[in-house]
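Note sheet for the following structure.
None of the figures in this text is laboratory data; all of them are computed from the coordinates on show. Note that the structure is a prediction, hence the values are computed from the model and not measured. So basically every Cβ, Gly included, is an ideal-geometry build from the backbone, and we count neighbours across all protein chains shown.
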Amino acid sequence: MSSKNAFSSPVGKKLITGITGLGLVVFAVEHMIGNLAMFSGNDAYNEYAHFLTSLGPLLYVVEAGLAAFFIFHITNGIQIWYGSRKARRIGYDTYRSAGKPSKQSASSRSMIVTGLILFVFLVIHLVSFKFGPGGPGNADATYVTTVAGVEMRDLAKLVRHKFDSPYYAFGYSFVMLLLVAHLRHGVWSAFQSLGATRPSLTPTIYGLGALLGLAIGLGFIALPLAIYFHII
């Protein structure tokens, strides 16, 4: 079997989905930590954002890599879902737990739905923040500040403005709960696709995946709610 056929096979698609999924988890953790810098003040958050933009061409390379990961993860995920659905010509009237060692759950059955919602959210998020006022191609003097003598984008001001709205604050938080559900099954599934699980380790990895998803989700939710309720 050629390498091309290997990666286009069901196993190959699951392998790619697993690798890209874990890569996106690393990105989510880094992004969450960056968001939490806001709890140290506007200047700390703006300096963090300015540091990223000051990377120049390196940032573009990283963003291109992330875009590729998202595209491969989404397209392969849809193909896996469609292939599974096509193979099961007659749907089940009701879903029941398949029992051990199966990890069929509400999280696993809703992966395609939560994944597509997260993708739409990502597009809205980029338009609102990265390409929002003061962002690339959208110069706005009201979103410029100076920290330690360095002029930079006042992204913290934009974040506070957005999350003062209940639609943004609670909508963002709701989508992050969907991210928790997506990661609950996704992390375990990724390790399984990579062949890194043994039956004896499955409960541990599944539990750690659930805890990781919960930690990431709560880390993201903390910022919009803290701003909305004027905690920070």
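Miscellaneous remarks
- Cut-off under 5 Å, modelled amide H: who pairs with Val147 long-range: Met152
- Every pair of different Cα atoms in the chain enters the Kirkwood calculation, which places the hydrodynamic radius at 19.6 Å.
- Each Lys and Arg Cβ is given +1 and each Asp and Glu Cβ -1; about its Cα centre, the range 108-214 then shows a dipole of about 340 debye.
- Shown for Arg198, Arg160, Arg153: other C-beta atoms within 10 Å of each C-beta, ranked fewest to most, produce the order Arg198, Arg160, Arg153.
- Relative to the longest principal axis of the Cα atoms of the chain, helix 57-87 runs at roughly 30 degrees.
- Hydrodynamic radius of the range 24-69 per Kirkwood, over alpha carbon pairs, in Å: 11.4
- Rough spin-label spacing in nm, given labels placed 7 Å along Cα→Cβ, for Phe39 and Thr202: 3.6
- The charge dipole of the chain, taken about the Cα centre with unit charges on the Cβ atoms of Lys, Arg (+1) and Asp, Glu (-1), comes to about 1500 debye, rounded to the nearest 20.
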